[in-house]
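Taking it in order: structure first as structure tokens, then the write-up.
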Amino acid sequence: MSVDVLSSIKDSLVNLDMDKTIDFVRRAVELGFKPMDIINVLADGMRVVGVRYERGEYFVSDLIVASEIFKEVMSILEPLITRVGEVVRPFGRVVIGTVEGDVHDIGKNLVITMLRANGFEVIDLGVDVPPKRFVEAVKQHKPDIVGMSALLTSTMVNMKRVIEALEEEGLRSSVKVIVGGAPITEKFAREIGADAYGENAVIAVDICKKLVEELHRGK
Ligand code: B1M
């Protein structure tokens with residue numbers, strides 16, 4: 001039953017059934033599954049939705065429905081995650097956004113939820129954020145970390161433009177830069193001069209903690 005409920009969550013999302021997905025998520029919570037276990041199967045389901053879109057079986061409207069289901073479920077799970085954060089001391093400040101030309105924000109929002117739950121202060125610049133806006137936010141908020149998300153191979157190159165803009169303004173050495181998103185790799189992060197690559201939201205939090213420590217040690 002307990003394993004069934006997780007696969008039922010994934011199947012309902014893949015079949016774009018909002019009511020069933022929510023029912024199974026509530027059941028999983030009652031059964032004691034951790035929010036991250038549930039989020040992981042949902043993320044897996046989103047990948048399958050993406051594959052169906054690639055094959056021409058689903059349309060953009062279906063991607064939108066899947067996103068709405070994910071966001072609805074997050075409104076159930078988020079309070080369970082953020083509860084953890086209340087006992088953790090502030091860790092550092094992160095300015096984060098999805099880069100220019102890209103409106104995907106589910107992964108970014110998940111990273112934000114996990115960062116806040118772990119005591120980070122997060123300034124969310126939203127989606128389709130041009131380099132200039134990142135620069136302004138760094139000047140205004142003086143963060144420890146700049147985080148960028150990209151889901152499209154056509155927009156991941158804009159991460160490099162943000163790093164270049166920070167360099168031009170003499171701000172690059174004052175912040176650590178972490179990048180993430182489905183097409184991003186460790187190699188790409190290194191090539192564009194980022195300090196780190198976050199494969200998923202949980203790993204991103206651990207990395208951000210290390211980056212803040214490095215920054216304060218002057219590394
Ligand atoms: Co889009 N889309 N989409 N889409 N979409 C993808 C990305 C795609 C792979 C689907 C596919 O073809 N298989 C494909 C990109 C192909 C490519 O570039 N190689 C694609 C396309 C083509 C498009 C459009 C061009 C479609 C069109 O209009 N013809 C269009 C582009 C719009 C634009 O941005 N300009 C488009 C639009 C959309 C919607 C708006 C409909 C919707 C997004 C809604 C929203 O976000 N509010 C959407 C969706 C839902 C998807 C898929 C199906 C799911 C994405 C998602 O939310 N995943 C996606 C398929 C896929 O990714 N395989 C797809 C769940 C989420 C939890 O995972 O975002 O990867 P993810 O985040 C992870 C990690 O990557 C990481 O942590 C997260 C979780 O742990 N992470 C970070 C993310 N950011 C991080 C930052 C960090 C650290 C870690 O540090 C700062």
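The values are calculated or read from the model by the stated rules, or taken from the named source; none is laboratory data. The model shown is predicted, which means the values in this text are computed figures rather than measured ones. Heads up, the Cβs are rebuilt from the backbone with ideal geometry, glycines too, and the neighbour counts pull from every protein chain shown. Heavy atoms of the whole protein, side chains included, go into the accessibility calculation; ligands, DNA and RNA do not. Shrake-Rupley method; radii C 1.70, N 1.55, O 1.52, S 1.80 Å.
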(message) So, in segment 122-151, exactly how many residues are in contact with a His (Cβ under 9 Å, 6 or more places away or on another chain) and closer than 21 Å to VAL212 by Cβ?
(response) 3
(request) Could you tell me whether segment 16-33 includes any residue that is within 12 Å of the ligand (Cβ to nearest atom) and in contact (Cβ under 8 Å) with a residue 12 or more places away in the chain? (result) yes
(message) Filter segment 15-30 down to the residues that are on the phi < 0 side of the Ramachandran plot and surrounded by fewer than 21 Cβ atoms within 10 Å (Cβ to Cβ) and list them by number.
(response) ASN15, ASP17, MET18, ASP19, LYS20, ILE22, ASP23, ARG26, ARG27, VAL29, GLU30
(message) Taking the conditions exactly as written (more than 15 Å from the chain's Cα centre (by Cα) and either within 7 Å of the ligand (Cβ to nearest atom) or touching a residue at least 40 places away in the same chain (Cβ under 8 Å) (or both)), does SER174 satisfy them or not?
(response) no
(message) Being more than 16 Å from the ligand (Cβ to nearest atom), in the same structural domain as ASP105 (by TED's automatic domain parsing) and more than 26 Å from ASN40 (Cβ to Cβ): is that true of LEU166 here?
(response) no
(message) Any residue that is assigned to a strand (DSSP E or B) and surrounded by 19 or more Cβ atoms within 10 Å (Cβ to Cβ) - is there at least one of those in segment 125-136?
(response) yes
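Test ALA204 against the stated conditions and say whether it is more than 15 Å from the ligand (Cβ to nearest atom), surrounded by 18 or more Cβ atoms within 10 Å (Cβ to Cβ) and modelled with pLDDT of 95 or more.
No, not satisfied.
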(message) Let me spell it out: the conditions are (1) modelled with pLDDT of 95 or more; (2) part of a helix (DSSP H, G or I); (3) under 16 Å from ILE96 (Cα atoms), and VAL179 meets all of them except one. Which number is the exception?
(response) (2)
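Being outside any loop (DSSP other than H, G, I, E, B) and crowded, with 19+ Cβ neighbours inside 10 Å is the filter here, so list the residues in segment 138-155 that pass it.
Of everything in segment 138-155, those that are outside any loop (DSSP other than H, G, I, E, B) and crowded, with 19+ Cβ neighbours inside 10 Å turn out to be VAL138, ILE145, VAL146, GLY147, MET148, SER149.
If a residue counts only when it is touching a Gly at 6+ places or on another chain (Cβ under 9 Å), which helices (runs of 4 or more DSSP H) contained entirely in segment 29-117 have at least 3 such residues?
Because the criterion is at least 3 residues that are touching a Gly at 6+ places or on another chain (Cβ under 9 Å), the helices (runs of 4 or more DSSP H) in segment 29-117 that meet it are 60-85, 106-117.
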(request) Confirm whether GLY97 is at negative phi and open to solvent by less than 50 Å² (accessible area, probe 1.4 Å). (result) yes
(message) Out of everything in segment 1-14 that is at pLDDT 95 or above and not charged (D, E, K, R), what residue ends up being most open to solvent (accessible area, probe 1.4 Å)?
(response) SER7
(message) Restricting to segment 46-62, and then to whatever is near the ligand (Cβ under 6 Å from one of its atoms) and buried (at least 17 other Cβ atoms within 10 Å of the Cβ), can you tell me which residue is farthest from LEU6 (Cα to Cα)?
(response) VAL49
